[in-house]
Amino acid sequence: MAINIGMVGTGFVAQRRAEALAVDGRGRLVAVTGHHPEDTQTFAQTHRATAVADWPSLISWPDLEVIIVSHVNCDHGMVVRAALEAGRHVVVEYPLALDWREAERLVTLAQQQQRLLHVEHIEVLSGNHQALKANLSALGIPLHVRYVTLSPQRPAPDRWTYQPDLFGFPLVGALSRVHRLVDAFGPVAQVSGQNQYDGWSENPDTLPRYRTNLCAAQITFQSGVQGELLYGKGEAIWQATRRLEVIGTQGQIHIDGDTGQVITAEGTTPLEIGSRRGLLAADTRAVLDHLCQGTPLYLTPAESVYSLRVANAIATAAQTGQVVKL
């Protein structure tokens, strides 16, 4: 019999999750709730589910086994806690919470309840990340990594992702950037950081909203690798960029978008990088494999919590102007 699933959220990620469940067949979307009633009704009709008024009602909906949390970041921790306390398995898009200490308590709660808690990190399933890890050994000893993701959006959308109160500190809300580096290069010794917002909304009736954000971090890994991280989005970003470069004692990796190369003394070798399509479906299948067959998942929630701790340290460094040791 299909696993009964409830979903909190009706946005892009929730849509992809619902589609993946329908294709797989082992999970049945029973109930859904969202921020806007009209969108919730449309979503529910599209995916043959019941529209529910709010997330507390969804969590108490009868016979649900799994709650998928795909809505605003600031509420993740609260919803996850309630779902775990109700005895539900939980799948949540990163970040698990805005603060790593709260996230750590949720991991402990899931263990006490003997429930699954899975934090989605599809960036480590991507072809370019897998190619990076598979070719690191060709570089000898890695010395330096630089990772840049910039997204021009003009005009900046009127969405919660541009509201710090809802999205969180940029590298918390966009935790995948930090987690990708931690997954590849290991534990962190210390961080520093800088953060800039521009074009604040002056509407007193809404939460503060910006039009451009640039967030930079300098990360020293315990291995000695020096890292630079730059994340930005909005109207003052003029060119889309997804670039990752690693310099080592015996070579260099350069990944730009969906193409890449390894440069060594023997020459330049193109990297085979697969498509980014279908990663949420792959994550959904992994969860169902785990629930149905006991197959291990591709990461533990503790790994996500550690990356969140690093991101929180970067936020502290940006606020204080000080280097923060972990």
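The values are calculated or read from the model by the stated rules, or taken from the named source; none is laboratory data. Here the structure is a predicted model, which is why all the values come from computation and not from measurement. Cβ coordinates were reconstructed from backbone atoms using ideal geometry, including for glycine residues, and neighbour counts include every protein chain displayed.
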Can you find even one residue in region 42-61 that is of a type outside the set (Phe, Trp, Tyr), closer than 25 Å to LEU308 by Cα and surrounded by 17 or more Cβ atoms within 10 Å (Cβ to Cβ)?
no
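Regarding region 24-41, can at least one residue be identified that is touching a residue at least 40 places away in the same chain (Cβ under 8 Å) and surrounded by fewer than 21 Cβ atoms within 10 Å (Cβ to Cβ)?
If we filter region 24-41 for residues that are touching a residue at least 40 places away in the same chain (Cβ under 8 Å), which is where we start, we get 24, 26-27.
Next, only the ones that are surrounded by fewer than 21 Cβ atoms within 10 Å (Cβ to Cβ) stay: 24, 26.
Scanning region 24-41 turns up at least one residue that is touching a residue at least 40 places away in the same chain (Cβ under 8 Å) and surrounded by fewer than 21 Cβ atoms within 10 Å (Cβ to Cβ).
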From the set of residues in region 186-243 that are assigned to a strand (DSSP E or B) and aromatic (Phe, Trp, Tyr), which is surrounded by the most Cβ atoms within 10 Å (Cβ to Cβ)?
TYR231
Let me spell it out: the conditions are (1) of a type in the set (S, T, N, Q); (2) under 30 Å from ARG154 (Cβ atoms); (3) under 18 Å from the mean Cα position of the chain (by Cα), and SER304 meets all of them except one. Which number is the exception?
(2)
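Residues checked against (1) modelled with pLDDT under 95; (2) in contact with a His (Cβ under 9 Å, 6 or more places away or on another chain); (3) not in a helix (DSSP H, G or I):
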site	(1), (2), (3)
HIS254	no, no, yes
GLN261	no, yes, yes
SER275	yes, no, yes
ASP283	no, yes, no
ALA286	no, yes, no
HIS290	no, yes, no
TYR298	no, yes, yes
GLU303	no, yes, no
LEU308	no, yes, no
Taking only pairs six or more apart or across chains, which ones have beta-carbon atoms under 9 Å, a first residue in region 310-326 that is closer than 14 Å to LEU171 by Cβ, and a second residue that is at pLDDT 95 or above and acidic (Asp, Glu)?
ASN312/ASP99
Which of the residues that make up region 124-181 are part of a loop (DSSP other than H, G, I, E, B) and in contact with an Asp or Glu (Cβ under 8 Å, 6 or more places away or on another chain)?
GLN153, ARG154, PRO155, ALA156
Looking at region 104-150 only, could you name the residues that are of a type in the set (Gly, Ala, Ser), surrounded by fewer than 15 Cβ atoms within 10 Å (Cβ to Cβ) and touching a residue at least 60 places away in the same chain (Cβ under 8 Å)?
GLY140
Might you let me know whether region 241-260 holds any residue that is touching a residue at least 40 places away in the same chain (Cβ under 8 Å) and within 21 Å of THR161 (Cα to Cα)?
yes
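Take the residues in region 5-17 that are assigned to a strand (DSSP E or B) and in contact with a Phe, Trp or Tyr (Cβ under 9 Å, 6 or more places away or on another chain), then tell me which one is surrounded by the most Cβ atoms within 10 Å (Cβ to Cβ). If you could, list the steps in order and put the result at the bottom.
Initially, region 5-17 is screened for residues assigned to a strand (DSSP E or B), giving 5-8.
Narrowing further to those that are in contact with a Phe, Trp or Tyr (Cβ under 9 Å, 6 or more places away or on another chain): 6-8.
On the way: GLY6: 27, MET7: 31, VAL8: 27.
Here the answer is MET7.
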State yes or no: is ILE247 under 22 Å from the mean Cα position of the chain (by Cα), in a strand (DSSP E or B) and among the β-branched types (Val, Ile, Thr)?
no
